[in-house]
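Notes follow once the structure below has been shown.
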There are 4 protein chains.
Amino acid sequence: LVHNVPCAHLAAVADTDLVSAQRCAAEINVARAWADYHALLDDTTIDAVVICSSTDTHARIIEDAAAAGKHIFCEKPIDLDLVRIDRALAAVERAGVVLQVGFNRRFDPSFKKVRDVVSSGEIGVPEIVRITSRDPSPPSIDYVRVSGGLFLDMTIHDFDTARFLVGQEVEEIYAVGGVMVDPAIGLEGDIDTAVVTLRFAGGALCVIDNSRRAVYGYDQRVEVFGSGGSASADNCYPTSAVVSDAHSVRRDLPLNFFLERYTPSYIAEMRAFVDCVRIGGVPPVGGDDGRAATALGIAAAESLRRDRPVRLAGLGP
Amino acid sequence: LVHNVPCAHLAAVADTDLVSAQRCAAEINVARAWADYHALLDDTTIDAVVICSSTDTHARIIEDAAAAGKHIFCEKPIDLDLVRIDRALAAVERAGVVLQVGFNRRFDPSFKKVRDVVSSGEIGVPEIVRITSRDPSPPSIDYVRVSGGLFLDMTIHDFDTARFLVGQEVEEIYAVGGVMVDPAIGLEGDIDTAVVTLRFAGGALCVIDNSRRAVYGYDQRVEVFGSGGSASADNCYPTSAVVSDAHSVRRDLPLNFFLERYTPSYIAEMRAFVDCVRIGGVPPVGGDDGRAATALGIAAAESLRRDRPVRLAGLGP
Amino acid sequence: LVHNVPCAHLAAVADTDLVSAQRCAAEINVARAWADYHALLDDTTIDAVVICSSTDTHARIIEDAAAAGKHIFCEKPIDLDLVRIDRALAAVERAGVVLQVGFNRRFDPSFKKVRDVVSSGEIGVPEIVRITSRDPSPPSIDYVRVSGGLFLDMTIHDFDTARFLVGQEVEEIYAVGGVMVDPAIGLEGDIDTAVVTLRFAGGALCVIDNSRRAVYGYDQRVEVFGSGGSASADNCYPTSAVVSDAHSVRRDLPLNFFLERYTPSYIAEMRAFVDCVRIGGVPPVGGDDGRAATALGIAAAESLRRDRPVRLAGLGP
Amino acid sequence: LVHNVPCAHLAAVADTDLVSAQRCAAEINVARAWADYHALLDDTTIDAVVICSSTDTHARIIEDAAAAGKHIFCEKPIDLDLVRIDRALAAVERAGVVLQVGFNRRFDPSFKKVRDVVSSGEIGVPEIVRITSRDPSPPSIDYVRVSGGLFLDMTIHDFDTARFLVGQEVEEIYAVGGVMVDPAIGLEGDIDTAVVTLRFAGGALCVIDNSRRAVYGYDQRVEVFGSGGSASADNCYPTSAVVSDAHSVRRDLPLNFFLERYTPSYIAEMRAFVDCVRIGGVPPVGGDDGRAATALGIAAAESLRRDRPVRLAGLGP
């Protein structure tokens, strides 16, 4: 926002920890810092807010911000509970403000190119989608505890990517998974490795595979196969250098981790939000997208628990 | 056998169509041609037979050949019915002859390299396996009618590849699929596009995606992801030439079709069989492997029909 | 400098065209703008200057800036004349200021990685270096007229890259070339396509190929081959997306042009300069490097004119 | 010839070492073996001969075979001396027999594809050609002694490849080189590393780089850059397998050595020769091609010795 989004002006920072807020504000040359975000909502010179707080506070802040007439960018997920999400979305709708959800991967140049190829009809009707999404190493157990579980914390990005790439809604989901990386994750009732199958309304099938630990780095690839061909996006690498010696032909590891791999996408999503606020228009990732991804995460967890496919119909608002 | 397997001598050809048998024998400079394969089994100078007849005759010929004390190479699948397979395997065991099943992809240099990497422990414990297996175009409807269906005709190769790569047995299978390529395939009660999930005994997850029509050619890729890294094999191409012009940087399409892509593997599997017959030893793809792949095909079909995962336990002999 | 070099503060802008200077200053929020750069040199609060004027003014401004005690970053080339370069470098030495020359490609992450591999000894003693450097389209004829010719305008970067990669001085040079892109370039006495061979003091051979027009985009690749292997860097692409259809497997064109391809290197060279000024130390691309590349450009032009190899010995200061 | 060229029948083997001839004949099931090749030329049932003897015998055998009315396939080079080559070619012309020279790389599928792209006009007029040709390890010193030197033994293939790719004659050549691999090669008056620049009649420039030792294997790549784009061919690899672990993303080494890399080309060139003999037509690599490559090798040696470019005009017959 400060360096890379020319049309925005960052007016103030709010953080429940006032010292953090002040330090952050000082670093980026922002005049005001608050402990209570309501101070920020009361400031009539502020047009929009960016919510990066912990997940359990998102829905409430959205409602408050909407009530104050602020446009809203909210990090994913909106909430782990569909009822609270619906209430927040209703507040946004009543207020007529913009709500954009932080599914930044839609703005990754390579993923976006794949989507553009699909949209153009160049590869025909989508039939099979493959998404590989593996983190370099598992989060702390403290984080695992509050994350909502693998499906709502990590796979949720891939659910959104799948919907984005195919441009359809999911009808049925089936998830298998296990604890292969760290038994402590299992003790928290979560899994760290999963394969999820989606069936879209138009018939397309999608498979997502997740791991909390790819020793070679952040592994983020997609492929859409259709009646007229396929489009895929590979990992990104820090350099193109290749070294050949008596043992192998090799390159360096993929960019590691999301801050490196997805930097351009974070900038692009924020620019898109600012444009939406300034110029108007439908946000590229709306509240419904946020809701749908959460619904898929909840359904995936149910599928895993019951070891059977789950239809999405019953999850609507 | 004639040109590329130095230690073997092709003695005779049998085909229910005698004219075909004679023409084939003439082409490859073989003296004897028969309409009835029993003539061949009665020939005591013959050590081994290669069964390439239609699937519904495999089990019976295996039993006859075993009874005649011939070593046997049989194209996949052994049969579409587990009871008949078990009877054939029992006959082989009684006779003490070698039986090798034609899962040639185990001999593909790239797939074999991936297996070698997995076996060496270089990438740790296998956790996720991805197999993409797409044909360039669907077979004739006549063939579809007798093929046993996508899972027993096409995916059966991938089931074997999955077992080969992981080195474990499958415990549970889940299949989704549909008719996206040709409605006529659907009219025959078959599908042409599928995604199948396997859970191995050791916990590893595997996902196979199949299509009867990849317009860009024969798409055959595998990846094994493990606790210590990943190993993958890509498609093979007729040349390495890359052309760059004002529009794109491009290469030619993958080798198309199995005769081109898997030529080295067909030679290698036949050499391995001949070595087994001459020198002794366990065949690299045994009757049990043939049975297991068929069992997975049957289970996949059941999973698709009932839209739920199916456990493999109940399918044992 | 304004957005990406945190430790620097841009104090003023000078341009012989005052309106341009003022517009530029306004855009980037800088208070002062001058038509005469001496105003800037007289400002004792300013530590360093960045010279981006036309080539024929570089040497004079360097001398003036050095006399004023300013540290200097100067765009390549320092000058087209070795005598004027030597005078400017002498002024820098007398003043004891930092002079860094704008050979930004040394800071390209991929080229730098190749250099690091060479430096580490990982590929042994360098024996053959290949540099491909092709522009997407020729510059305007007006620019060609004042550019100093292909060797001093374009190949000069590759001369520096070669010296950087090998870490040695060039002893002999041979250049061939022609007018293949635009006859108007020939009418100006220049060429647009060239192949230049260098022999380094340590024996390593290097070949550079240049074109003013690669229709597929900016083509910038290097390879160092040594007694223990090779290291190479390929072009950079806007996305990793690959599209396969019935005709080809293809990706998009390389990043086009230097502003896109070399953005990270421009930022990195400026940060390195600012660090040099703030913390001290030898600049990573010094005046001698600037001189050596110009000497090679002059020798290449002589080689082309006389159609024979030229030894570098006679070109020393 | 025995296994892969269906329309040919190998009638007899001649070798000055009769035991070798007999052993070879026995291995491939050929009835006749001679110590004196004249026995073979006297056999009127034989249509054509394949000359694979040592280089210094090629020209004489060609003359004898032509006089006997045999069609001739001769391994490269025809001879190291242009006068002897001209005499042999005159004998071939008088006899009206087919002479094909063994520049097998023209039949490599990837190089041929590049040539086809150039011929089609798809990349416009050729402007720059790059050929990298590096052996995995140097030959024995005994071989170096009789090889005719790097240019006539190794680079000669690349000279032919360059002429093949561009479809023009070379006007000027410049060679630099040195002894970097093995001092013993230098003691024999030869070099082991070289960079050669060619200027074609149509203006195109070509650069060839050679080394007798690439520790990572046989390195054989070409690129043609033209007014409308570029076409390149990369090395060939035994498998497509890629392994990623915590240290690198790597593949295996290129195919090593010519017998592996160029197997398909050896078969294809022999088929083309046999077709020429059977059906008629101009051989794809004629005596003039053999002569031109030798002339370039001689000129390269002269250029290296005199350290200046050499024009090819004076080398004509």
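What follows is calculated from the coordinates using simple rules that are stated; it is not laboratory data. What you see is a predicted model, and the numbers here were worked out from it, not measured in a lab. Note that we place each Cβ from the backbone using ideal geometry, even for glycine, and neighbour counts take in every protein chain shown.
Size of the dipole of chain C about the Cα centre, Lys and Arg at +1 and Asp and Glu at -1 on the beta carbon, nothing else charged, in debye to 20?
460
Can you report the principal axis dimensions of the stretch B:181-303 using only the alpha carbons, biggest first, rounded to whole angstrom?
Each principal axis gives a Cα extent; for the stretch B:181-303 these are 57, 43, 38 Å.
Measuring from the lowest to the highest alpha carbon on each principal axis, how far does chain D reach, largest first, in angstroms?
Extents along the principal axes, in whole Å: 59, 53, 46.
What's the angle, to the nearest 10 degrees (0 to 90), between helix A:82-95's Cα axis and the longest principal axis of chain A?
Its long axis makes an angle of about 50 degrees.
Please give the average number of partner chain Cβ atoms lying within 10 Å of the Cβ of each residue in B:121-133, rounded to a whole number.
So the per-residue partner count for this stretch is 3.
What are the ³J(HN,Hα) couplings of the stretch C:21-30, residue after residue, when phi is run through the Karplus curve with 6.51, -1.76, 1.60 and θ = phi - 60°? Round to Hz, x for glycine and proline.
Ordered by residue, 3J(HN,Hα) equals 4, 5, 5, 4, 4, 5, 4, 10, 6, 10 Hz.
Between B:Arg311 and B:Ala39, what is the FRET efficiency for a Förster distance of 45 Å, r being their Cβ-Cβ separation, to the nearest 0.05?
So, using R0 = 45 Å, E works out to roughly 0.50.
What is the angle, in °, between the Cα long axis of helix D:263-279 and the longest principal axis of the Cα atoms in chain D? Nearest 10 is fine, range 0 to 90.
In chain D, helix D:263-279 runs at an angle near 50 degrees to the longest axis.
Give me B:Leu80, C:Leu18 ranked fewest to most by other Cβ atoms within 10 Å of their Cβ, as a rough exposure proxy.
C:Leu18, B:Leu80
So how far apart, in nm, are the two label points at C:Glu188 and C:Ala26 if each is 7 Å from Cα heading toward Cβ?
Between C:Glu188 and C:Ala26, the label points sit 3.2 nm apart.
Explain nothing, just compute: Karplus ³J(HN,Hα) = 6.51 cos²θ - 1.76 cosθ + 1.60, θ = phi - 60°, for every residue of the stretch D:62-69 in order, whole Hz, x for Gly and Pro.
With the stated coefficients, the stretch D:62-69 comes to 4, 4, 5, 5, 4, 4, 7, x Hz.
Residue by residue through C:217-225, how many Cβ atoms from other chains fall within 10 Å of the Cβ on average? Numbers along the way, then the final one.
Working: counts 3, 0, 3, 0, 2, 1, 5, 1, 10.
The per-residue average across the peptide is 3.
Taking the alpha-carbon centroid of each part, what is the distance from the stretch D:1-50 to the stretch C:272-305 in angstrom?
65
Got the A:Ala35 label distances to the other copies yet, label 7 Å along Cα→Cβ, in nm, shortest first?
Output for A:Ala35: 5.8, 10.0, 10.8 nm, nearest copy listed first.
Distances from A:Ser53 to the same residue in each other copy, label points 7 Å out along Cα→Cβ, in nm, shortest first?
5.6, 7.7, 9.4
What is the minimum Cβ-to-axis distance for chain D, in whole Å, where the axis maps D onto A, and to which residue does it belong?
Output: D:Arg250, 2.
Taking a cut-off of 14 Å between Cα atoms, list the aspartates and glutamates near D:Lys76, but don't count ones fewer than 8 places away on the same chain.
Straight-line reach from D:Lys76, under 14 Å: D:Asp56, D:Asp153, D:Asp158, D:Asp160, D:Glu269, D:Asp288, D:Asp289.
Cα centroid distance between the stretch B:94-173 and the stretch D:234-252, in Å?
22
Taking the Cβ-Cβ separation of D:Glu302 and D:Tyr266 as r and a Förster radius of 30 Å, what is the calculated FRET efficiency to the nearest 0.05?
0.45
Among the aspartates and glutamates, which have Cα under 17 Å from the Cα of D:Lys70 when same-chain residues fewer than 8 positions away are ignored?
By straight Cα distance, D:Lys70 reaches D:Asp36, D:Asp42, D:Asp43, D:Asp47, D:Glu93, D:Asp275.
Relative contact order of chain A, please, whole-number percent, based on alpha carbon pairs below 8 angstrom and at least 6 residues apart.
21
Counting helices only, and only those DSSP H runs with n ≥ 4, report the 222 nm mean residue ellipticity of chain B as the sum of -39,500 (n - 2.57) divided by its residues, in deg cm²/dmol to the nearest 500.
Rounded to the nearest 500, it is -11000 deg cm²/dmol.
Using only Cα atoms, what is the ratio of the radius of gyration of the stretch D:21-88 to 2.2 N^0.38 Å?
1.16
Distance in nm between label sites at B:Glu169 and C:Arg94, each 7 Å beyond Cα in the beta-carbon direction?
Output for this residue pair reads 9.0 nm.
Per-residue mean of other chain beta-carbon atoms within 10 angstrom of the beta-carbon, peptide B:232-239?
5
For the stretch D:120-246, what is the Kirkwood estimate of the hydrodynamic radius, computed as the reciprocal of the mean inverse distance between distinct Cα atoms, to one decimal in Å?
This gives a value of 15.9 Å.
Kindly express, to the nearest 10 degrees and within the range 0 to 90, the angle between helix D:156-166's C-alpha long axis and the longest C-alpha principal axis of chain D.
Roughly 70 degrees, rounded to the nearest 10.
Run the label-point distances for A:Val83 please: 7 Å along Cα to Cβ, every other copy, nanometres, shortest first.
Result, one decimal in nm: 5.4, 9.0, 10.5.
Give a residue-ordered list of calculated ³J(HN,Hα) values for the stretch C:236-246 (Karplus: 6.51 cos²θ - 1.76 cosθ + 1.60, θ = phi - 60°; whole Hz; x for Gly, Pro).
10, 10, x, 9, 9, 5, 10, 10, 10, 9, 5
With labels modelled as points extended 7 Å from the Cα through the Cβ direction, what inter-label distance (nm, one decimal) is found for A:Arg145 paired with B:Asn4?
6.1
Of the residues D:Asp142, D:Asp245, D:Asp15, which exhibits the maximal mean-square fluctuation in a Gaussian network model of chain D defined by a 10 Å Cα contact cut-off?
Highest fluctuation among the options: D:Asp245.
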